[in-house]
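Down below is the structure, laid out as structure tokens.
The values are calculated or read from the model by the stated rules, or taken from the named source; none is laboratory data. Everything numeric here is computed off the predicted structure, so don't read it as measured data. Cβ: placed from backbone, ideal geometry, glycine included. Neighbour counts: every protein chain shown. Each accessible area value is taken on the protein alone, full model and side chains, heavy atoms only, with ligands, DNA and RNA left out. Shrake-Rupley method; radii C 1.70, N 1.55, O 1.52, S 1.80 Å.
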Amino acid sequence: ERLWQLGDGPWQLSSYNRASWFEDDGYSARTQWDLGRPLDSSRHLRFISQLQWQEEYDTLEFSQGAQINEVLGPRSAIRYAGVLVGDSASTPRVNDYYLLADYRRDLHRQMLFVDIVPELHFPREADFQPRWAISLRIEMLFRANLLKR
């Protein structure tokens with residue numbers, strides 16, 4: 001994992017890279033590059049590129065997204081994003097385009113969160129005709145302060 005400040009401006013580039021091996025799945029490699037900058041005190045612009053290869057499937061999967069993250073208040077935020085997803089065995093092809101708005105709310109003391117995510121997909125398997133989806137996620141984080149005594 002690495003973070004670079006680009007020049008004297010507000011742009012930052014972060015990189016997350018991982019190579020792994022699991023007994024059942026074999027080898028895999030993943031990389032993510034995230035270029036972003038604050039737009040103002042509550043909004044942040046990001047461009048995210050991801051590549052992933054897994055031995056089990058022997059294909060390269062990729063995605064490219066643009067998003068604006070906005071803090072709405074001390075307990076809520078929203079992310080607007082446009083993403084394209086594809087793969088390549090030898091010829092790259094896009095499998096899905098989608099737009100989403102991910103509303104996240106802290107329900108209880110940074111432990112319990114809810115996400116409501118309406119999405120508009122344009123999948124290849126439906127000849128890129130629009131498909132609506134909505135996701136509801138509840139997330140509970142368990143954490144503790146570990147002190148060496």
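Quick grid of which residues meet (1) closer than 20 Å to H121 by Cβ; (2) polar (S, T, N, Q); (3) out of contact with any Cys (no Cβ under 7 Å at 6 or more places or on another chain):
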residue: E1; (1), (2), (3): no, no, yes
residue: R18; (1), (2), (3): no, no, yes
residue: R46; (1), (2), (3): no, no, yes
residue: Q54; (1), (2), (3): no, yes, yes
residue: Q64; (1), (2), (3): yes, yes, yes
residue: R75; (1), (2), (3): no, no, yes
residue: Y80; (1), (2), (3): yes, no, yes
residue: V83; (1), (2), (3): yes, no, yes
residue: D87; (1), (2), (3): yes, no, yes
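Within the range 29-59, take every residue that is open to solvent by less than 70 Å² (accessible area, probe 1.4 Å) and at pLDDT below 95 and give me the one that is farthest from L84 (Cα to Cα). The extreme case among them is Q54. With respect to (1) over 17 Å from the mean Cα position of the chain (by Cα); (2) more than 26 Å from S41 (Cβ to Cβ), the lone exception for Y97 is condition (1). Of the residues contained in the range 103-114, none is found to be under 29 Å from Q54 (Cα atoms), open to solvent by less than 70 Å² (accessible area, probe 1.4 Å) and outside any loop (DSSP other than H, G, I, E, B).
Quick check, is I78 in contact with a strand residue (DSSP E or B) (Cβ under 8 Å, 6 or more places away or on another chain), over 30 Å from Y27 (Cα atoms) and either among the β-branched types (V, I, T) or without any contact (Cβ under 8 Å) to a residue 60 or more places away in the chain (or both)? Talk me through it step by step, then tell me what you get.
Values: in contact with a strand residue (DSSP E or B) (Cβ under 8 Å, 6 or more places away or on another chain): yes; over 30 Å from Y27 (Cα atoms): yes; either among the β-branched types (V, I, T) or without any contact (Cβ under 8 Å) to a residue 60 or more places away in the chain (or both): yes.
Spelling it out, I78 is indeed in contact with a strand residue (DSSP E or B) (Cβ under 8 Å, 6 or more places away or on another chain), over 30 Å from Y27 (Cα atoms) and either among the β-branched types (V, I, T) or without any contact (Cβ under 8 Å) to a residue 60 or more places away in the chain (or both).
Of all residues in the range 119-139, those that are of a type outside the set (D, E, K, R) have Cβ atoms under 9 Å from Cβ atoms of residues that are surrounded by fewer than 11 Cβ atoms within 10 Å (Cβ to Cβ), 6 or more apart or on another chain, in L120/W132; H121/W132; F122/Q129; P123/Q129. Looking across the range 50-85, just one residue is touching a Lys or Arg at 6+ places or on another chain (Cβ under 9 Å), aliphatic (A, V, I, L, M) and more than 19 Å from V117 (Cα to Cα), and that is L51. Candidates V94, V85, V114: the one that is among the hydrophobic types (A, V, I, L, M, F, W, C), in contact with a helix residue (DSSP H, G or I) (Cβ under 8 Å, 6 or more places away or on another chain) and touching a residue at least 12 places away in the same chain (Cβ under 8 Å) is V94.
Scanning the range 1-51 for residues that are in a loop (DSSP other than H, G, I, E, B), of a type in the set (D, E, K, R) and under 26 Å from L72 (Cβ atoms) returns a single hit, D40.
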